[in-house]
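One structure is given below, encoded as structure tokens.
Rule-based calculations on the coordinates, nothing more; no lab input. Please read all numbers here as calculations on a predicted model, not as lab measurements. Every residue, glycine as well, gets a Cβ built from its backbone with ideal geometry; the counts of neighbours run over all protein chains shown.
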Amino acid sequence: MLQQRGLTLVELLVTLTVLAILAAIGIPSFVKSIERSRLVGAADNLIANIRHAQAEATKRNIPIQVAFTGSGTANWTYTIHTNPTRTVNGAEYKGVVLGLHENVVANSPPKPANAILFDPRRNTMLPAPAAGWMALVTLSLDGHALAFQVSAESGYRLCTSSGMSGYPAC
């Protein structure tokens, strides 16, 4: 009796076909996972920098501004006006789009347009709503969105209107 070693061509082709089908099913979800991670990274960095600006305003007892440019595109930046000035470039988060809400763009004094101002004397963030939560900035990528909101009590949070897990609904 002849002993068979290895695989036949048919067995090899069936195995490769099954692997190709599994890869075709899995790759889109893997890509979506990478995109979600990119969005979450941009949002986490925004929150960390907002916390830094607020802490610097309190520590130095001077107003600190966070200014946004490039709204509505993936070529956005925001700058924290401390000494030294820190700038975050949206190119680090490929495809993530930053959108400013009318509350930020509205140029309400004493802050310039497209900026958030931390006032250490009143321990407030401008602009701020009279009550409840107000969206200032939204980061979005492929149907997912995270909004940066402020409250009347100078609190802030990230929330989602697109049902992303791990974040409260806006």
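Points to keep in mind about this one:
- Test item: Cα-centred dipole of the chain, Lys/Arg +1 and Asp/Glu -1 on Cβ, debye: 380 debye
- Compared with the alpha-carbon gap, the fully stretched path from Ser161 to Ala24 is longer by 46.4 nm at 0.36 nm per residue.
- Helix 9-60 and the longest principal axis of the C-alpha atoms of the chain enclose an angle of approximately 10°.
- Whole-percent pair-distance distribution, where bins are 5 Å wide, for the alpha carbons of the chain: 1, 8, 15, 18, 16, 11, 7, 4, 3, 3, 3, 3, 3, 2, 2, 1, 1, 0, 0
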